[in-house]
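Each value in this text was obtained by applying a stated rule to the coordinates, not by laboratory testing. Source: prediction; values computed, not measured. As a convention, Cβ positions derive from the backbone with ideal geometry for all residues, glycine included, and neighbour counts pool all protein chains shown.
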Amino acid sequence: MAETPSPGTVAAGTASSGQARPGNPSTGITIGPADSEQIRLARVICIFFMVSVHFKLGTFSDAINTSAIAYAIEFLWAEVLGRASVALLSFVSGYLLIVATRPDPKKVARKKFFSVYLPMLSWNFLFILLQFTRCARGTALEICEPSYWALEHFPISDLTGAFVGVVAWPLSFLRELFVTNIIVAALAPLLGRYSLPLILISLVDVGTYFLEPLILRPPVLLFVLLGAVAATKGVTLVSLSSLRIAVPGALISGAAFAILYFGFPDSELSVLYQNIFMRSGLIFFLFWLTRGMLKFKASRAISYFESDVFIAYLCHLPVFFIFWQFGARIGGNENLYLYLFLYITVPMLVLAFSKVFGHLLGYAPAALQLLLRGRVRRPASRKGAESA
């Protein structure tokens, strides 16, 4: 697929195959082919686990608790790797924001509006329509409860995420990326000298939510800011992925987590910061893991899905509804192993669906492509024919 430059095209600082890309000269960081491949690989892995968090099939959601092994699998898959993936993608977003170019808040706002926020609006609207259909009723997904659309909610905000999360709650992550990238771009001149105070302010917001309704998910701002600070300080992806940084970083994060977990087990505030330190430690692990995976050919098969992985994230809720229809007919408790099979394989099917849908979308008008995936991409053969 060849890309047509458009307001929605994401040029997030990745290098084209076989050549390095200097990006922002003030950082002294060059994004090389291996760095680009690592970012592509990380995006696919992270979004795979992120969509897994939201896969709950009717009565199957109760079946998972009937087995300690099954519960452990879901906890590791969703609550650990899924939540950590949000942190890693946020970190990479902030990192590339600084590395790719000298960030200008107005340009960042325009670019992210088309590439991130507009597709979120489109798919959230489609989700709302689906929510009122017979197919969506009765699902165990908390984001689909019909009572959510009550009179006390502001319809415009439910559609846009202006003051509360959008109805398709998982897509609110995109709303946070849009807002936090603009904020961090505006703060970019201060990151060199005042990075520590800014990080401390963001940490306070994690426990107090004092930046609501501007920031609805404080950890996203924190990790976007941490990624931007790392880039400002000239920390390369190779360094972040090395054992000499990954091991101490994971150990320090793990120690902080243990102190809070065992020292303040009943504190809600402690739980909030436990999640932060757990995700921080896992970020180091995922950086090290994805860098190591580049040595194996299997990594290329995973990276193959990266070009359309954003579509997978955008459309995973409607696709899950289809499988919910199938799963609800089968039953729950007596089909525990079938649930586990679906739990692992359905996100893979979402990735496969996104490749097919992404290719077909390449033949759609540019405006429709911007609405559904935030950029315009044409099949190479068609682009050649149009040029001729």
Obtain the nm distance between the two label points defined at PHE210 and ALA186 by a simple spin-label model: each point lies 7 Å from its Cα along the Cα-to-C-beta direction. 1.7
Starting at 0 and stepping by 10 Å, how many percent of the alpha carbon pairs of the stretch 170-326 end up in each bin? 9, 27, 36, 23, 4, 0
Debye intensity ratio I(q)/I(0), log10, the stretch 150-246, q values 0.10, 0.13, 0.23, 0.25 Å⁻¹ (C-alpha model): -0.34, -0.54, -1.16, -1.26
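Ranked from highest to lowest mean number of other Cβ atoms within 10 Å per residue, what is the order of the peptides 100-107, 81-88? Let's see the in-between values first.
Details: 100-107: 14.9, 81-88: 22.4.
For the peptides 100-107, 81-88, the packing ranking is 81-88, 100-107.
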Order by neighbour count: PHE323, PHE223, PHE296, fewest other Cβ atoms within 10 Å first, most last. PHE296, PHE323, PHE223
One finds, for ILE259 and ARG300 with R0 = 35 angstrom and r their Cβ-Cβ distance, a FRET efficiency to the nearest 0.05 of 0.30
